[in-house]
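Okay, structure first, notes after.
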Amino acid sequence: VLELYGRPIPNEDVAMRIHQETGVCFGTAGPEFVRKILSSGMDFQGEYMKIQDKLKERFEGHVSSHVTAIAIVMLADYLASQWIFGLNEDRAYEEVLALGDVVAAMLETAAETDDGLRAYEYLMSWFNVNIERFKEAALNERYGMVSDEMIYIFPTVFDKAMKEGNFNPNRMLRDWAERKWIETEKRGDKKRFKVRKYDGASGKQAYFVAVKMNAVD
């Protein structure tokens, strides 16, 4: 399902009149469109795949499921422009490319829907707000420590920060470990997402979530 924003009919008076007319006269284009589909003999799957391939090149940074959905909308529009609205093939093709650009501009890119990236950016912002709590002489509550371009966060503090940002902390740790955005430890046969480090403030070894400070450019 594509959620699109826009006003297809900018003129409010025209839009109101169309709304009133379609309440009385409707159901004409639909049956005609279906009749054309049944009698055309067209390879719809082939045409759809052609459009999809073009879109993958044109909108490289978009989510693949969005691209396939846009391709369906474009194919339907391309056919309806010719079969229902009487446009010639060239004009219909020009308009459908413009439609694809408009729809793609309304949708999030793959980077914008990347939860792992969004969570990392959220954590960096959270860290900058709370940077004083990572100093050894921090008043009240300490959140961890900073060393060698790494942020060492106490696990309970990390979990709380992620949940406050509406992110699943365990899922983010798995994701970040795959991307090598955090340090991990091998204990036995298992990879652990929390590492043991010497905590200068307490003078003891402690477990931390170790996040790379510049993992993302």
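Side notes on the structure shown:
- Computed from backbone phi with θ = phi - 60° and the Karplus coefficients 6.51, -1.76 and 1.60, the 3J(HN,Hα) list for segment 135-148 is 8, 4, 8, 4, 6, 6, 9, 8, 9, x, 8, 10, 7, 6 Hz; x is used for glycine and proline.
- Flagged links, alpha-carbon separation over 31 Å, of Lys50/Lys212; Lys56/Lys194; Lys56/Lys186; Lys160/Lys197: Lys50/Lys212; Lys56/Lys194; Lys56/Lys186
- Solvent-accessible surface of the chain, taken per residue with a 1.4 Å probe and all protein chains present: 67 Å².
- Under 5 Å, built H, 5+ apart or other chain: amide partners of Ala138: none
- Percent carbon-and-sulfur accessible area, segment 82-180, ignoring ligands, DNA and RNA, probe 1.4 Å: 48
- Local charge for Ala71 was computed over the other residues whose Cβ lies under 14 Å away, with Lys and Arg +1 and Asp and Glu -1, and equals -1.
The values are calculated or read from the model by the stated rules, or taken from the named source; none is laboratory data. Being a predicted model, the structure only gives us computed values, none of them experimental. Cβ: placed from backbone, ideal geometry, glycine included. Neighbour counts: every protein chain shown. Ligands, DNA and RNA are excluded from the accessible area calculation, which covers all protein heavy atoms including side chains. Shrake-Rupley method; radii C 1.70, N 1.55, O 1.52, S 1.80 Å.
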